[in-house]
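Asks: Got a structure for you, written out below as structure tokens; questions coming shortly.
The values are calculated or read from the model by the stated rules, or taken from the named source; none is laboratory data. The model shown is predicted, which means the values in this text are computed figures rather than measured ones. Here Cβ is always computed from backbone atoms with ideal geometry, including for glycine, and neighbour counts include all displayed protein chains. Protein only, heavy atoms only, side chains kept; ligands, DNA and RNA dropped before computing areas. Shrake-Rupley method; radii C 1.70, N 1.55, O 1.52, S 1.80 Å.
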Amino acid sequence: PPPPRSHPPTRYDGTADIDFGQDIINFISPGTPKKQASSKKIAKDLRRLTALTMTSIAELPESNPMTPYLVIGASNVLVALARAAPTEHFWTCLLLLNLTLFKLLHLKLPSKVFVSAVDKQRRDSVSELEGGEEKMPTVQLPAGIRTMQPTPPKQGSELAEALAAAGGIKSVAGTRIANDIKYCDQWAEVPHTFRPGNGTIFNVRKGPAYKKTGAKAPSLECLYDLYSCDLVRTPMRMKESGEMFTPPHVPGVTDIQTGNAYVPPMIIVSCGMPAFEPSLFGGEDDGPSYMAIFYFVIGERMLKELKDLSTASPAVKLLAEWCKRGEHENTIKGRFKCCCVLDDVDKLGLPAPIPSYNGKPVIINKTGAFFRKENHIELTIDVHNFAYLARKGLYSIMPKFPTMKLNVGFVIEGRDDDELPECMMGVGKLCYMDPGKAPEEEELINVDGD
């Protein structure tokens, strides 16, 4: 049994209880006549004190170096109050204590950010002060031609002959051929390249009654085809890829009408990942970053089903609804999911429990931003604001990226039976991606500034 409590009894018949309540009243309203306060009065004053403390803590400037010490001091005071408080008010003080600790853990405390001298010089030279916020100037660069190259097909393969006859992988016909899963095993093994992924290796939700059964099955082929990919290192995170890259123009695809006013011919997914070790106590939410950008063009099956949405598959209807409402409704925007499947994950020597998460989807809700442009939609994923364990896990495996083949896929989450089965929106395969080869701005711009 727990040891007996040593603080005053729970009933308000002891002097310590009266003094405690009176202290609160005097703190809130100086000059109040000293008289025995009722339980209701003390409870009311405690609520007022709670609101006052919460407001004061919330308004502490995070940039002030004394703020962490003030919050710690407030926590210690609340521990003493919780000890002296009667039983019915103990939980109020405990709640206050947790709120202060929550504030402490979310302070932007200094962290070990490994920023090179070049990074510091570039941040000082390229950043501008607009509206009190630091912003990186726009440097428009062609997409997908300088930062990563597409994986070449195996020499003499059927895929190589088909791509040559179609005019290369950059043509519309070549893009369709490259995304055909029957050619999945006909690519050469070239480091630091990208190619279309196979959507059927991802297990997605299926109905009926998924909420009860939790049943999943391999996806059908993707609704959008991978056209290009970029990987770049920036001195600070980018809001969207348009701050640096011009989206590719694909004649016959990006200049057509899809048959639905909200569904664009191109969807861009950009993922900003911190290039520094994360801090447990919040730390920096900006700084040197890697930006991986996937450019997907609408697939032939998607175009065909959009002609009559009433007869379209559940996945096509759901994607059309996401395109229509995602810009303004967080409930539908937050259904966007990212999945990553590592080839031969058991042979990579990754620490536990990372292999157990292979292929598990990550819902992109608060860390995602939706941008609608003239002929495309962009969804940006801000890994800087992921949970600490997720950022730590990603940072720990970055040195192994050059030994990995990563299948990165995106899908809209289906929940009800009329939204199932799911189908992968798009998949890209990054082959032995080396973050050390990710170019920076100066490497992408020649001496003439072109």
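Asks: Might you work out the accessible area of residue 313 for me, using a 1.4 Å probe with all protein chains in place, and round it to the nearest 10 Å²?
Replies: Counting only protein heavy atoms, the figure is 30 Å².
Asks: Determine the sum of side-chain charges near residue 374: Lys and Arg each +1, Asp and Glu each -1, restricted to other residues whose C-beta is under 15 angstrom from that of residue 374.
Replies: Neighbour charge sum, excluding residue 374 itself: -2.
Asks: Express the accessible area of the stretch 164-249 per residue in Å², computed with a 1.4 Å probe while the remaining protein chains stay in the model.
Replies: So the stretch 164-249 comes to 42 Å² accessible per residue, rounded to a whole number.
Asks: Next up: Tabulate in residue order the Karplus-calculated ³J(HN,Hα) for the stretch 351-357, using 6.51 cos²θ - 1.76 cosθ + 1.60 with θ = phi - 60°, rounded to whole Hz; enter x for Gly and Pro.
Replies: With the stated coefficients, the stretch 351-357 comes to x, 5, x, 4, x, 5, 8 Hz.
Asks: If you add up the charges near residue 253, with Lys and Arg at +1 and Asp and Glu at -1, over every other residue whose beta carbon is less than 13 angstrom from its beta carbon, what do you get?
Replies: Every neighbour counted, the sum reads -1.
Asks: If you don't mind, there's one more thing I want to ask. Set the bar at 23 Å for Cα to Cα. Now go through 360/400; 324/405; 211/307; 170/347 and name every pair that lies beyond it.
Replies: Checking Cα-Cα distances, 324/405; 211/307; 170/347 exceed 23 Å.
Asks: Next question. Leaving out ligands, DNA and RNA but keeping every protein chain, what accessible area does residue 256 have, in Å² rounded to the nearest 10, with a 1.4 Å probe?
Replies: 50
Asks: Any idea what diffusion coefficient the stretch 141-248 gets from Stokes-Einstein, in µm²/s, Kirkwood Rh on alpha carbon pairs, 20 °C, 1.002 mPa s?
Replies: 132
Asks: Could you work out what % of the accessible surface of the stretch 287-372 is carbon and sulfur, using a 1.4 angstrom probe and leaving DNA, RNA and ligands out of the count?
Replies: 53
Asks: Averaging sequence separations of C-alpha pairs under 8 Å and six or more residues apart, then dividing by the length of the stretch 324-432, give the relative contact order as a whole percent.
Replies: Once divided by the residue count of the stretch 324-432, the mean separation gives 29 percent.
Asks: With the cut-off at 1.5 for a/c, could you classify the stretch 206-364 from its C-alpha gyration tensor as rounded, prolate or oblate?
Replies: Oblate shape, in that a/c is at least 1.5 and b/c is the bigger or equal ratio.
Asks: What is the spread of the Cα atoms of the stretch 205-282 along each of their three principal axes, largest first, in whole Å?
Replies: 47, 45, 21
Asks: Can I ask one more? When a/c is below 1.5 the answer is rounded, else prolate if a/b is larger than b/c, else oblate, so apply that to the stretch 337-450 with a ≥ b ≥ c taken from the square roots of the Cα gyration tensor eigenvalues.
Replies: Cα axes put the stretch 337-450 in the oblate bin.
Asks: What is the sum of charges around residue 347, taking Lys and Arg as +1, Asp and Glu as -1, for the other residues whose C-beta is under 12 Å from the C-beta of residue 347?
Replies: -1
Asks: Sticking with this one: Report, to the nearest whole %, how much of the accessible area of the stretch 206-248 belongs to carbon and sulfur atoms, 1.4 Å probe, protein only.
Replies: C and S fraction of accessible area: 54 percent.
Asks: Now a separate question. Using a 1.4 angstrom probe and counting only protein chains, how large is the accessible area of residue 337 in Å², to 10?
Replies: 10
Asks: With only Lys, Arg, Asp and Glu charged, each at its Cβ (+1 for the first two, -1 for the last two), find how big the charge dipole of the stretch 288-391 is about the Cα centre; round to the nearest 20 debye.
Replies: 260
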